[in-house]
Each structure stands twice: as structure tokens, then as C-alpha cells.
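Report on the following structure.
The values are calculated or read from the model by the stated rules, or taken from the named source; none is laboratory data. Being a predicted model, the structure only gives us computed values, none of them experimental. We place every Cβ from the backbone using ideal geometry, glycine too, and count neighbours over all the protein chains shown. Ligands, DNA and RNA are excluded from the accessible area calculation, which covers all protein heavy atoms including side chains. Shrake-Rupley method; radii C 1.70, N 1.55, O 1.52, S 1.80 Å.
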Amino acid sequence: MRCLVTIVLLGCCLLSGRSQEALLPGEIHIGHPLTAYDSVMLSALEEAPFHPVLKSSTLPYKLDNSRLPYYREIYQQVSSECGQVSGIAYNFTYEINRLRDLPASSPENQYPPHFPFNFMNGGHGWHGVSYFHSFEILRTLGCPDVTTYGGMAAGGDSRWMTGYHAYLKAMKNRIRKVYRISVGSPEGLDKLKHWLHNHLEGSPIGGVASFYANAPWNPITLAPGTPEEGKHVITAWGGLPSHAMTIVGYNDSIRFDYNGDGIFTNDTDINGDNVVDMRDWEIGGLLFADGWGYGINFADSGRCYMMYKTLAEKSYEGGIWNHDVHVLDVKEGEPALTARIRISHTRRGKIKVSTGISSGLNDSVPEHSISFPVFNYQGGSQYMQGGISSDTNKIIEFGLDISPLLGYVSEDELNHFFIIVDEYDPDGLGEGSILSFSVIDHTGDPYEVICQGLPLAINDDGRTMASVTFDKALHGLEITTPGLPAAVVGEPYGYQLEAGGATPPVGWILLNSYIEENITPDIPAGGTYMEPDNWEYGNIMVPLPFNFNYMGEQEDTIYIHAAGFIMFDDTQDPWPYMYDHELFLTQNRCIAPFLSRQLVYEADSGHGIWVDHYTGGVTVRWKARINSSQYGPAVDFILSLDENGVISFMYANAFEPPRLTWACGISSGDGKDRYMPVIMEKALLEANTGITIRVETPPEELSLSSSGYLSGTVQHYYQQVGLSFLAEDDRLAGTIKTLEFSATDLGIDNKGDRPAMPHVRIFPNPFRDKLYISFEGVPGRPVSCMVFTPEGKHIASPVVNRTFGQGEGFEWDGHSLNGQPCPSGIYLIRIIAGNAALTRKVILAGR
């Protein structure tokens, strides 16, 4: 089998290591099935942006934002919800109250950690939950306030909230994105301090941040005679990352004498590695707050210092996890489109709820579908609201924000909305029904259309769907750019893409394409046995004997992780409390033939990791056992990379994918552009099975900004190459459009069937103050104009998509995009009207 696919999974998210029934036609997005994880994940972990003007701003020597009214009082967590205490109860509560200028002292301005925690904690709070999964819930669904939820931990670790209006209230409290700040260097620390002080935007009020490290069981007190003497401080974290906390401030003056020489320095090699860096610092530390242990009685009223040195150390050598902290971009607002759902079931961990849309009224299945980070094979063997008693707990009513489906609505036809319930229950342990389903438009006065013919019994170990015809016009998101003008080889190119029906801001992505082929591999033998520096969080660095082209970037080194994947950066992974493997794969730039936290390596069973080099390629082989009480087979799998960019997954032994919690695929790490093969959905993966994946990238000379500006200086000829663009707005509505791109030489810009550019007069040339551009005919299409340096840097856009009549024109005053006067010299001015384009050299003379 050979298929060419361009992949992006639109909508909300989810998790499951379980099988689904036969795929819906709507679950094929340009050739690729929407598997158990079809999320856009806008919270891909980009580095937080840093305004250059702030780098020279003056910072105070100490700061404590936990004393501000936006920070709720410190309290003691009641279960294993440390990730949610840090990420929701402290971080999100602070940031959303800062946005709204509201005090966190009132329950209606506080947010409960147990709302997201209970969806992923195994049903009984048996384990912690990564705050990355909770942030995805806040992005796609929101979080209710404490008053709406009934308390910080109302109902304990098993309860799922019921009531549509409670979920609707939650949708007003959201995040837009999660950013990371890498703090293992002085530059990264400086960025964090600016975030704490001015939110990286010059604000008078700064932010807070979440991080993972070991539990703070080993604080000591700062020495007498030093700043903040007697206050508690962590000088080295005591083990592997297992706990989340919240950074609320810093103090540049605290100090600890690590080498016992009686002096305090940041410029002495105290650890003897012949390098002076942050690992040698004895002065300065961050202030963090915690909900573990004794709450307000921990350390200094729930607060404690941690030395800057710990930010640079590896997590298993006294440092924090991955040298990273995480900050939130929060937002508020109303959903555009929601689903109101009532379901009954006796085993909630056996079902998954999705929604879909079709513009064909006679369609029995949706054309497009989305799933979510909740109600997704979660919650264990309990009733829908939790517990295994009281018939009322079998029934739950909830709301889902289905605004992402607005990327697929037809404005000319009626739209058909679906609820989809998948049950994976081969042993017949549970049963239930779809009790009610409706769709509500919130763009004006709420307008609800109720599905008829319910209740409907959920099919045993299968798929059940119900649908409703929405009889009101809906206005969706669409890419309105009709086509791309031709580029001229060797000259700067730029064009602004446009989207209609959007709620700003709109984000843009230029997508890769993928080719998959099934193979019957020859399983390689031999290789060099290698061990990571830490089997749980470490990696194995392997230089490549060639440059490997991965999604348009040349890589010369891979980092092998024991959890069945490779990365191209030296990071400590996977996430603490990672139970959502597909979410991890989506958010990290990695290649994963078998990504699982359940891999166990036993030396006496011949387990381990082997690396082998062959002519033009390298293989990595993992042999391990699945640590599962119910189904724990041995697994033997191989990843191959060759110098031509081909990626191969090979599986030496047979196993049943639906029984495992795992993920496989490749990812750009931006949360949107990735490829996940259908292997995970097979009932049985036979021995000696494999696939190859080739990534086809857009022309390397082109780049697309997040605001939709396509630019570059093309060096090769291209003839009608398809470029696929993804646009997403603030409602999470997304849409894809493929446009043809060509690059020619200047002499054939107006040949063939291309429309002619009306005669353009550009004068005076050279010019001093203003350059005038006028048309002696009517361009016929809206005109855009860009100005570039000879090196191809875009510096000005005098006109964007403006219509002109006979003899009309515009001017350029010689200023750049940021309003600064450009230096004298040669510039290229590019004028585009539809598919017609014209480039001319102009000279800006001395002013």
C-alpha cells in the first residue's frame, strides 16, 4: 500500500491506547485516519516570546507575586493532584484573575484542581496527572470556578461534574497557549525574571510559573548573617522529578556556601568541571509555593527558596525537570457552538465521546469529527459520575465546545451534527445509552436544535451515532485566498494569506506531506549495546554518520530514550506522570516506533537498547517487556533512519495494540503537524511487520509566519506545487486549503494564460522622500505591495489587498514596517495583483 497524505488533526483532543471500530469516512483527512488522538493542541511548548526592548529593563533584586491579590491562599493538597494544584489552583487562578483584575480570595475567583485531575487519575486518584494534560482540558473545555464545582475537591478523586450549565460556565475560563521558558542558562533565567516582573510585555504586574522537580522534603535554612537568614531553601532537589510546584518570585541576594570555603561567588569553578556556569552559582534563588505536605505550614508559610544553581543541574543530579518552567497565556470568552449531551453508562472507562459534522443531510456518518481530552476511555470501572452505587450516578449531563467544527460548516446548506460514542468492551462489562443530544449556537441569542429519536442504546463493543439537522445558517472559518501569485527565481517573494469568518487572532501553519508504505522487513541482527545515563529520564546520544533531513531541518545527532522514541535535542523525557502518550508525541519533536512509559528492561531476559550503523543508515533496537498485570507481552521493535530521509518502523514480534497504552508516529512538535500510522488501531500486529514513512516538505526557501505571511527568496523553479495551509482562529476552529505555487523567471511572469499586469509607473527613481506608484489601467484584482532588501528581507508593505481604479495609485515614504526610516540604498519593490506580479529595483537616495 502506498498513499500520499497531508496530515493535520483538527479539533480538540484526546487519549486512548484502545482500539476503535472501523473508521468513519469523516475520519480521513486527506488520506490519514483520525485515530484515538485527533487534537490540534495549540499549547505546543514554544519558548515564551521576549520583547527585545525588555532585555535592558531594570529589575528589582527581589519579588514575591504570591503576596498579590490575584494569588489564592496556600493550602494543602488532599490527594496526588500536585500538577493540578500548581497548574490550576495556583498558576491558572493567578493568571486569569490578573487578566480580570479580580481577587483570588473569593471561591468564585478560584479554580479547582480536581476538575481536570479526576479525568486522568485512573478513577480513584491512584496516580498523579501531568499538568500538560490538564492544560489541554483548559484549552479545549475550560475550568469551572470553585463555587460552580462545589469545592476544591468536591466529591473526592472519582467524581465527574454533571450539569450542562456548569460546563458552559467552565468554557469562559480558558488558556490559549502554554509556553516554556528554558531556565538552565543566565539568559533563560533573565527571561523568567522578566516574566515574573512584567509578564514579558512591560506590564506593571508580572506572572507566575509551574515546574516539576522532586518533592521538597529536604529544605535547610539560610545561614545567619546572610540575606533572608533563617528562611528555608532547597540547595539540591533530592531525586527524580515527581512533584509540581509554582514559582512566585526571586531574590538575587540569598546565598549558600556549596564548597564550604566561607565565601559566596558566581564566578568560581566550585564543582571542578573546568567550566564556570550556573552550576557553580552560590548566590541568588527563586521563590516557590507548594501545596504538598503541610500546606501553609510547609517551610515559610507555604513558601520556600530554591537556589538558581538547581535550574542548571540535571533533574537526577539535584535539578528541576528538563531545565524548564511553564507559563500560561489565558483568555476568557463565550464558545461559539456547543453540544449538550446526556449519557448513561456503567463502565465509563469503556467509552469515548466524539462529535462530527456533515453538510450532506442524507449522510449517515460525519465528514469530519473531533474528540476531546475528557470522556475518552477514562475514569476506570465506575459509573459516569463516579462510584459503583446509586443509579443517578450512571447518568451524566455535560457540555462540549464544538466550535472547531465551524471550520467545516457549509454556509449554503444545512449542517448535520453528530454525536459519536465508541465502546471498547470486548468482555461485555458495561452498558449504557445516549439519552439526549443537542447543538446550541451562541453567536447571537442562544439557538438550540434538539436531536429526535433518543434515547438510543449504546452498541456493545462498537460505535453508536445520533445526529441532528441544524436549520440555522452558521458562519464558519475559511481560507479566502483564491491563489498564490508566481514567484520570481532569485527575487524576494511575499504574500499575505487571508481567512474569513474568523475570531482573531488567526494562527497559520504550512504543512508537510507524508508517504507511507507497508514493508516486510529483514529484522537486523547485532549492534552495540548501549545504556542511557538514567533509564527513566535520561537518553543515549548517538552522532549520525550523515545529515538526516527531518521535516526540513538537517540533524546530525539523535538522542535515544528508553521509553521507545528518539529526539533531536538533549532533553530529559518523558513528562512526569505521562499517561497520555499521544499528547506527548504531538507536543514534542520526536520519532516514536513504540512510545510507552510501561516499558521495563530486565537484563536477565535479554532486554536492552542496541545501535547499529549500516551503509547509509542507522538502526536503533529496543527489547523490553510491557509492565501490565493484565497483558504484559515482550516487545522487540526497531527504528531505522537512512541518509535519504526514509524512516522505518519494524516490529519483530506479534502483539495486540488495542490492549496497550502506547503511541507511534512522527511529529514536528508544534501540536499540529504530525503523522500517526494506523498500526495502533489494528487488532493484531503480526511478527516481522513494518512500515516506511517519507516526509515531503514545502520548498525550503519559503516560510510562513504565524500571521499568515508567506515569504522567501526562491532559488529553484517550481511548477504548480501544492502547498497546504492550516488556519486556526481563537475559537479553535481550523480549516485546511491547498494552493498551487509556481516559481518562474521574470521574463515569463505575464506569459501564457496569466493575466497581464497593467502598466505601472514608479517615480521618481531614485527618490528621497516618497516613491509614487500609479496604474495606467485597472489592476482587476486587489493589489498588494511589498518592499525587500536585495538580500530578501521584507521591510515594508505600503499596500495590502487594496482595490484601485484607472489612474489611481499609492506611495511609499521610505519607512520600514516598524515606522523607522530606511537607510539609503537599493530596494526591490514587488507589486502583486491576483496571479500577476511585477518586481522593480528602486533607489532610496540620501535624505
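For this structure, a couple of remarks:
- Global geometry of the stretch 255-384, whether rounded, prolate or oblate, following the gyration tensor of its Cα atoms and the 1.5 cut on a/c: prolate
- In terms of accessible area, using a 1.4 Å probe and ignoring ligands and nucleic acids, Thr689, Thr615 rank largest first as Thr615, Thr689.
- Dipole check for the stretch 116-226: with +1 at the C-beta of Lys and Arg, -1 at the C-beta of Asp and Glu, and the Cα centre as origin, the magnitude is about 300 Debye.
- Residue (of Met551, Tyr537, Pro521) at the positive-pole extreme of the stretch 408-554, dipole from beta-carbon charges: Met551
- Cα-Cα over 31 Å, subset of Lys193/Lys737; Lys350/Lys737; Lys314/Lys623: Lys193/Lys737; Lys350/Lys737
- Using the Karplus relation 6.51 cos²θ - 1.76 cosθ + 1.60 with θ = phi - 60°, the per-residue 3J(HN,Hα) values for the stretch 81-86 come to 8, 4, x, 7, 4, 5 Hz, with x marking Gly and Pro.
- Among the protein heavy atoms, those of Glu643 account for about 110 Å² of accessible surface (1.4 Å probe, every chain in place).
- The stretch 752-847 - percent of accessible surface contributed by carbon and sulfur, probe 1.4 Å: 49
- Of the trypsin sites (Lys or Arg not before Pro) found in the stretch 152-242, those that fall in a DSSP loop while having at most 16 other beta-carbon atoms within 10 Å are Lys172.
- Neighbour net charge for Phe375 - beta-carbon separation under 9 angstrom, K R +1, D E -1: +2
- Surface composition of the stretch 542-595: carbon plus sulfur atoms hold 38% of the accessible area, using a 1.4 angstrom probe and ignoring ligands, DNA and RNA.
- Solvent-accessible surface (1.4 angstrom probe) belonging to His794, in square angstrom, nearest 10: 40
- Rounded accessible area per residue of the chain, 1.4 Å, Å²: 37
- Computed extension length for Thr557-Asp445: 34.7 nm, one decimal, from 0.36 nm per residue of separation with the Cα-Cα distance subtracted.
- Inter-label distance for Arg840 and Thr697, nm, one decimal - labels placed 7 Å from Cα along Cα-to-Cβ: 3.7
- Computed FRET value (nearest 0.05) for Thr789 with Ser253, which takes r as the C-beta separation and R₀ as 41 Å: 0.30
- Sequentially through the stretch 442-458, phi angles give Karplus couplings (6.51, -1.76, 1.60; θ = phi - 60°) of 10, 6, x, 5, x, 10, 10, 10, 9, 6, 8, x, 9, x, 9, 5, 6 Hz, Gly and Pro residues having no value and appearing as x.
- Each label point was placed 7 Å from the Cα along the Cα-to-Cβ direction; for Asp570 and Lys472 their separation is 5.8 nm.
- Value of [θ]222 nm, deg cm²/dmol, for the chain, DSSP H segments ≥ 4, -39500 (n - 2.57) each, nearest 500: -2000 deg cm²/dmol
- With R₀ fixed at 51 Å, the C-beta to C-beta distance from Ser106 to Trp126 puts the FRET efficiency at about 0.95.
- Only Lys, Arg, Asp and Glu carry charge here, each on its Cβ (+1 for the first two, -1 for the last two); on that basis the chain has a dipole of about 1520 debye about its Cα centre.
- Over all other residues within a Cβ to Cβ distance under 14 Å of Ser648, the charged ones net out to -4, with Lys and Arg as +1 and Asp and Glu as -1.
- In Hz, Karplus ³J(HN,Hα) per residue of the stretch 665-680 (6.51, -1.76, 1.60; θ = phi - 60°; x = Gly, Pro): x, 10, 8, 7, x, 8, x, 10, 9, 7, 10, 10, x, 7, 3, 4
- Rounded to the nearest 20 debye, dipole of the stretch 371-489 from Cβ charges on Lys, Arg, Asp, Glu: 180
- Per-atom-type breakdown for the stretch 605-660 gives carbon and sulfur 38% of the accessible area (1.4 Å probe, protein chains only).
- Amide H contacts under 5 Å for Glu498: Thr480, Thr481, restricted to partners 5 or more places along the chain or on a different chain, H placed in the peptide plane at 1.01 Å from N.
- The packing ranking, built from the mean of other Cβ atoms within 10 Å per residue, places the peptides 546-554, 93-101 in the order 93-101, 546-554, highest first.
- Lys/Arg +1, Asp/Glu -1 at C-beta; the chain dipole; positive extreme among Gly272, Gln820, Ala312: Gln820
- List Lys309, Lys394, ordered by accessible area with a 1.4 Å probe, largest first: Lys394, Lys309
- Most positive-pole-ward Cα, Thr615, Ile829, Asn218, against dipole of the chain from beta carbon charges: Ile829
- Cα shape, the chain, gyration tensor, a/c 1.5 rule: rounded
- To the nearest 10, the accessible area of Ile762 is 40 Å² with a 1.4 Å probe.
- Net charge over other residues, Cβ less than 11 angstrom from the Cβ of Val439 (K, R count +1; D, E count -1): -1
- The chain, relative contact order [Cα under 8 Å, separation at least 6], %: 13
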